[in-house]
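Asks: What follows is a single structure, and I will ask about it in a moment.
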Amino acid sequence: QVQLVESGGGLVQAGGSLRLSCAASGSTFRSAVMGWYRQVPGKQRELVAFIETDGSTIYADSVKGRFTVSRDRAANTVSLQMNSLNVEDTAVYYCNANFPFLGKLYWGQGTQVTVSS
């Protein structure tokens, strides 16, 4: 059974940094596109960043230059380094594993990030 467990969320002041981690288990994730999404109450979940199997990355315009997504294939983890945080980054952040060839999509339980002004 695939499990994604996020950690690293919390409360930080504007301008600060946080690092989120996602530990994946229950499958081989070499073929998965791993990503981070976020959601605030009353809004749709939105893409933050994802990293392909070849290591290439895509970022939402709102986080380009501030956030960095990375993966450790050996450890089956994906991380999101978040710098220069602002109040608009406050959300629940979700880890995502997409197996496009299998048509499978998995989500973690989410971790709260709160940025105070």
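Asks: Within segment 58-75, identify whether any single residue is polar (S, T, N, Q), touching a Leu at 6+ places or on another chain (Cβ under 6 Å) and surrounded by 13 or more Cβ atoms within 10 Å (Cβ to Cβ), and answer yes or no.
Replies: No, that holds for no residue.
Asks: So in segment 79-98, with the set limited to residues that are over 11 Å from ARG66 (Cβ atoms) and either touching an Asp or Glu at 6+ places or on another chain (Cβ under 8 Å) or without any contact (Cβ under 8 Å) to a residue 12 or more places away in the chain (or both), which one is surrounded by the most Cβ atoms within 10 Å (Cβ to Cβ)?
Replies: Only one residue fits best here, namely CYS95.
Asks: Which members of segment 1-35 meet the condition of being basic (Lys, Arg) and part of a loop (DSSP other than H, G, I, E, B)?
Replies: Result: ARG30, single match.
Asks: Let me ask something additional. Residues that are among the polar types (S, T, N, Q), open to solvent by 70 Å² or more (accessible area, probe 1.4 Å), over 11 Å from the mean Cα position of the chain (by Cα) and within 21 Å of ASN98 (Cβ to Cβ): does segment 10-21 have at least one?
Replies: No: segment 10-21 contains no residue that is among the polar types (S, T, N, Q), open to solvent by 70 Å² or more (accessible area, probe 1.4 Å), over 11 Å from the mean Cα position of the chain (by Cα) and within 21 Å of ASN98 (Cβ to Cβ).
Asks: Quick one: what pairs do we get from segment 20-43, first residue over 16 Å from ASP89 (Cβ atoms) and touching a residue at least 40 places away in the same chain (Cβ under 8 Å), second of a type in the set (Asp, Glu) and open to solvent by 40 Å² or more (accessible area, probe 1.4 Å), C-beta under 7 Å, 6+ apart or different chains?
Replies: VAL33/GLU52
Asks: Another question about this same structure. For GLY55, state whether it is of a type outside the set (Ser, Thr, Tyr), within 24 Å of PHE99 (Cα to Cα) and not in a strand (DSSP E or B).
Replies: yes
Asks: ILE51 fails exactly one of the following numbered conditions: (1) surrounded by 12 or more Cβ atoms within 10 Å (Cβ to Cβ); (2) of a type in the set (Val, Ile, Thr); (3) modelled with pLDDT under 95. What is the number of that condition?
Replies: Only one criterion in (1) surrounded by 12 or more Cβ atoms within 10 Å (Cβ to Cβ); (2) of a type in the set (Val, Ile, Thr); (3) modelled with pLDDT under 95 is unmet by ILE51, namely (3).
Asks: Take the residues in segment 99-113 that are part of a loop (DSSP other than H, G, I, E, B) and in contact with an Asp or Glu (Cβ under 8 Å, 6 or more places away or on another chain); name whichever of them is surrounded by the most Cβ atoms within 10 Å (Cβ to Cβ).
Replies: The qualifying residue surrounded by the most Cβ atoms within 10 Å (Cβ to Cβ) is GLY108.
The values are calculated or read from the model by the stated rules, or taken from the named source; none is laboratory data. Not measured: the values here are computed from a predicted model. Methodologically, a virtual Cβ is constructed for each residue, glycine included, from the backbone with ideal geometry; neighbour enumeration extends over all protein chains shown. What goes into the accessible areas is simple: the full protein's heavy atoms, side chains included, and nothing from ligands, DNA or RNA. Shrake-Rupley method; radii C 1.70, N 1.55, O 1.52, S 1.80 Å.
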